[in-house]
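We did not get these values from a lab; they are worked out from the coordinates using the rules stated. From a predicted model like this one, the values you see are computed outputs, not experimental measurements. Counting neighbours? That spans all protein chains shown, and the Cβs are built from the backbone with ideal geometry, glycine included.
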Amino acid sequence: MDKYIINGGNKTSGSVRIDRAKNSLLPIIAASVAVGEKCFIEDFPHYSDTETMLEIVRAMGGKYRKKNGGVEIDASGLSTGFFPPKLFSKIRASVFMLGAVISRTGYAETVLPGGCNIGARPVDIHIYALNRLGVETKEENGRLVCRCEKMKGADMELPFPSVGATENAVIAASVAEGTTVIKNAAREPEIADVARFLNNCGAKISGAGSPIITIEGVKRLKGTDYLPVPDRIEAGTFLLATVLLGGETEITGCGIQNISAIINKTEHSACKLYSFNDKIYIKAKGMPERIRKIVTAPYPGYPTDLQSQTAAVMSVANGSGVLTETVFPSRFGYASQLKTLGADITVKGNSAYINGVKSLAGGEVYAEDLRGGAGLTLACLKAEGRSVLHGVEHIDRGYDRFEEKLSALGLDIKRVKNQITREL
Ligand code: UD1
């Protein structure tokens, strides 16, 4: 397992290009299974989660190949509804593919899904949506078994605007018989993106990105070429890195339209922030102002996926603040590690109380999940002296060459293999 060796205290200087959104690519891979013809996804970055998702498609009889910086997915040969247990348990987004697989084979069987270690992550809303479309679901010996010859459009109201359940339902309803209306749908930009992809394939989806989505099922979908949206969470991570460390960063390939919640909260800490089309320029002193209160919430609220990176900023801000998590209430695994670096952070229930300290000090810390790992990386880059961050494989799930991008901004971060580190 790899780790980062980080010498903190440097400011950012340079330009970083944002990749295509992990949270679009995963459901688009799932949707391409429902399409069942060749789909070409352009400008496809290397995230270990998307690699796992592609391997699941392959293990079930589909094909993919990388060419010209993109990935061609051809799920026409999908031959089973039986999900490979080891791969399925590695990644929670695999559950987003249930509806697509059932639409092709009339059947799906899985162990329960995996994913980042951020508390209990049930799948009841996914099951509710599939049941509404006529899928019979049973739990047998820790496995989920789903059956349906032909899904039928239906009205449904989600008890919570789950991102994955909305995507699962949109994909399945695209090829169901009749009309589906999803109320209390999640509104994340990545949902609108998957709907755009499916509409390019001949689906009839309207309202994606709003709380009510209407889908008129079509008999079949056809393959397409598609360029997914940029990763707003990666852009937010680099924005927060600059607020925390200070310096000047040009963030290209992503505009501010989908990250205004972060901009609103951090703008006063940035000396200057401009944006034009798909570029954001930020210049900051690296002395963050007090952030009194942040409450994460489904889009357009403050993204839970930027919670730990924000905690890193608040840990050295000028004053105290509260960070409340409403999407994944126990997403604070990183807090004890932040304390190791000298942060004054106390977690009570679903809130973290943070008193900004003058400085952090380098130490040895462990990432337990993807975004927690990103937050700890930023904290180590701020901390004075040398830090070692273990668990880099979690970060690889959703950032492509994170350390290379940070180094290109003039920061001192190196990736090393365990055994090599011992020799240093
Ligand atoms: C997606 C994102 C993830 C982000 C999250 C919230 C992808 C690949 N991942 O995850 O990066 O952090 O949205 O913005 O897009 N829940 C249930 N039952 C369900 C489904 C969800 O109780 O059937 C709960 C979850 O445990 C969680 C909350 O609903 O507490 C939100 O989950 P959801 O929106 O489904 O997140 P994901 O789609 O898994």
Give me the Kirkwood hydrodynamic radius of the range 335-424, using the inverse of the mean 1/r over all pairs of distinct Cα atoms, in Å to one decimal. 13.9
Quick one: dipole size for the range 22-226, taken about the Cα centre, charges +1 on Lys/Arg Cβ and -1 on Asp/Glu Cβ, in debye to the nearest 20. 320
Specify whether the C-alpha gyration tensor of the range 122-174 places it in the rounded, prolate or oblate class, a ≥ b ≥ c being the square roots of the eigenvalues: rounded for a/c under 1.5, otherwise prolate if a/b is larger than b/c and oblate if not. oblate
Taking just the alpha carbons, could you work out the radius of gyration and Dmax for the range 97-194, both in angstroms? 13.0, 38
Gyration tensor over alpha-carbon atoms, the range 22-226, equivalent ellipsoid semi-axes in Å: 21, 20, 17
Between residue 112 and residue 147, what length in nm is gained on full extension when 0.36 nm per residue of separation is reduced by their alpha carbon distance? 11.0 nm
Under the Karplus curve 6.51 cos²θ - 1.76 cosθ + 1.60, θ = phi - 60°, whole-Hz ³J(HN,Hα) for the range 242-249, x wherever Gly or Pro sits: 6, 4, 6, 8, x, x, 10, 10
Cβ-based net charge around residue 393, under 13 Å, with every Lys or Arg adding one and every Asp or Glu removing one: -2
With a sphere of radius 14 Å drawn around the Cβ of residue 294, what net charge do the other residues whose Cβ falls strictly inside it have (Lys, Arg +1; Asp, Glu -1)? +1
Select from the range 279-362 those trypsin sites (Lys or Arg not before Pro) which occupy a DSSP coil region and have at most 10 other Cβ atoms within 10 Å, ordered by residue number. 358
Cut-off under 5 Å, modelled amide H: who pairs with residue 179 long-range: 153, 217
GluC sites (Glu not before Pro) within the range 25-54: DSSP coil, no more than 13 neighbouring Cβ in 10 Å: 42
Say R0 is 25 Å: what FRET efficiency, to the nearest 0.05, do residue 86 and residue 330 get from their beta-carbon distance? 0.45
So between residue 283 and residue 263, what do we pick up on full extension, going 0.36 nm a residue minus the alpha carbon distance? 5.9 nm
Of the cross-linked pairs 86/293; 272/382; 348/414; 358/405; 67/265, which ones have a Cα-Cα span greater than 30 Å in the structure shown? 86/293; 348/414; 67/265
Karplus 3J(HN,Hα) series, Hz, for the range 148-156 with 6.51 cos²θ - 1.76 cosθ + 1.60 (x for Gly, Pro): 5, 5, 8, 5, 10, x, 7, 8, 8
Out of all Cα-Cα pairs in the chain, roughly what percent, to the nearest whole number, are more than 28 Å apart? 48
If you fit an axis through the alpha-carbon atoms of helix 370-382 and take the longest principal axis of the Cα set of the chain, what angle between them do you get, 0 to 90°, nearest 10? 20
The answer for residue 106, listing residues at least 5 apart or on another chain whose modeled amide H is closer than 5 Å to its amide H, is none
Taking Lys and Arg as +1 and Asp and Glu as -1, residues besides residue 7 with C-beta under 12 Å from its C-beta add up to +1
Measure nothing fancy, just the Cα-based angle from helix 189-200's long axis to the longest principal axis of the chain, in degrees from 0 to 90, nearest 10. 40
From the backbone phi of the range 81-91, what are the Karplus-calculated ³J(HN,Hα) couplings (6.51 cos²θ - 1.76 cosθ + 1.60, θ = phi - 60°) in whole Hz, Gly and Pro given as x? x, 8, 6, x, x, 5, 5, 4, 6, 6, 9
At 10 °C and 1.306 mPa s, what whole-number value in µm²/s does Stokes-Einstein give for the translational diffusion of the range 265-401, with Rh from the Kirkwood sum over Cα pairs? 104
Calculated P(r) of the range 1-118 - Cα pairs past 17 Å, %: 58
Between 0 and 90 degrees, rounded to the nearest ten: what's the tilt of helix 163-174 against the longest Cα principal axis of the chain? 30
Gaussian network model of the chain, Cα within-10 Å springs - most flexible of 142, 410, 385: 142
Pairwise label distance in nanometres, residue 348 with residue 386, each label 7 Å out on the Cα-Cβ vector: 3.9
